[in-house]
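The values are calculated or read from the model by the stated rules, or taken from the named source; none is laboratory data. All values derive from a computational prediction rather than experimental measurement. No Cβ is skipped: glycine too gets one built from the backbone with ideal geometry, and neighbour counts run over all protein chains shown. Each accessible area value is taken on the protein alone, full model and side chains, heavy atoms only, with ligands, DNA and RNA left out. Shrake-Rupley method; radii C 1.70, N 1.55, O 1.52, S 1.80 Å.
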Amino acid sequence: MPIEIKNLSFTYAPKSPFQFEAIRDINLLIQDHAFTAIIGHTGSGKSTLVQQINALLVPTQGALIVDGLLLTPYKKRSYLRYLEKITNKPHKHEALAVKKAQEIIDFIQPISPAKIKDLRRHVGIVFQFPEYQLFEETVIDDVAFGPLNFGLSKEQAQEKAKKALAEVGLDESYYQRSPFELSGGERRRVAIAGIIASEPKVLILDEPTAGLDPLGAKMMMELFVHLYHQGTNIILITHDMDIVLRYATQVVVMKEGRVIEETNPVTLFMADKEEYSLETPMLYEVARALRAHGYTIDINQMHSEDDLAKMIKVGKK
Ligand SMILES: Nc1ncnc2c1ncn2[C@@H]1O[C@H](COP(=O)(O)OP(=O)(O)O)[C@@H](O)[C@H]1O
Ligand SMILES: [Mg+2]
């Protein structure tokens, strides 16, 4: 399920003294079957951007097309007029602009609350520190809440919940426990199970490993990779460049509300652009140190320690 973002802007508290433009005219295509990393400094707009993908925030300008659904602040008629405006010179090319707009309108549907609910079933978001959103008395009920809310029977929802709990590594001894008596890492796993229980086509993860110990973070990432291989589209916000290098197929770099780069991890880290002030992945640091000591290392071909190890074996001068 590709996600198209067109001329998207978002302003918090518009027309108030606290007005703040957090997203500024973003155009972006998030491919289907992609593992997309969104990176950028704190405050660059990453969380604001992703919350518009499942309509938790409604854009101030522009539009998103998600699962054939057009998310935009405009009514259909004014959206047509708006498209005419952005397709340029409407007075000369009016017919073309209208045709183009019509093509877009043909495959979108007007948004209704039922459609939004459907959208949220297909696009799951795991917020930063999702464990704070647990509220049911037992783990199993908390995880079953999503599927139940999206219309499954109690039995079906419990089945989905059990499957999701198994995927996050929590066995049946957890089912009847209160989420509040679990450790922080376990609570996070319950919260993630609650999202994946609805089997979303797109899974958005906002810094899901923040605050976890390294082993917990690794297990969490392995779960997301597993879901990715099963066909889930993953959108991951992270500060961890090693995670970006290892897992992402596509990287979006944000700065001050704009997308300043859209590329793949190897190209991004090879270019090593200072103005992005990104941390260098540890693997690159090691590879560069090895090169300085006479090893032949082709950084272009390197995504994991395993790749690096193979090159060391064959490459020592
Ligand atoms: N509810 C809000 N009201 C006003 N400003 C906000 C709100 N949420 C975030 N912002 C501001 O919008 C900008 C982008 O925030 P955010 O999307 O959370 O960035 P990121 O996730 O990249 O750290 C920041 O400057 C932040 O202070
Ligand atoms: Mg954020």
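At a probe radius of 1.4 angstrom, the accessible area of the chain per residue rounds to 52 square angstrom. How far is the Cα center of region 216-232 from the Cα center of region 243-317, in Å? Region 216-232 and region 243-317 have Cα centres spaced 21 Å from each other. Here is how the number arises for the chain: DSSP H runs of 4 or more residues each give -39500 (n - 2.57), the sum is divided by the residue count, and the result at 222 nm is -13000 deg cm²/dmol. Per residue, the convex hull spanned by the Cα atoms of region 172-213 amounts to 87 cubic angstrom.
Using only the Cα atoms of the chain, each taken as one equal point scatterer with no solvent, compute I(q) by the Debye sum, divide by I(0), and report log10 of the ratio at q = 0.11, 0.14 Å⁻¹. Values, matching the q order: -0.79, -1.14. In the structure shown, do any of LYS201/LYS273; LYS15/LYS117; LYS117/LYS201; LYS273/LYS313; LYS115/LYS201; LYS163/LYS218 have a Cα-Cα gap over 23 Å, and if so which? Violating the 23 Å limit, Cα to Cα: LYS201/LYS273; LYS15/LYS117; LYS273/LYS313.
May I ask you to list the trypsin sites (Lys or Arg not before Pro) in region 189-260 that are in a DSSP loop and have at most 16 other Cβ atoms within 10 Å of their Cβ?
LYS201
Take every Cα pair under 8 Å whose residues are at least 6 apart in sequence, average their separation, divide by the length of the chain, and the relative contact order is 20 percent. Run the accessible area of region 161-279 with a 1.4 Å probe and give the carbon-and-sulfur part as a rounded percent. With neighbouring chains kept in place, the figure for region 161-279 is 48 percent. Taking every DSSP bridge with both residues inside the chain, close to 55 percent are antiparallel.
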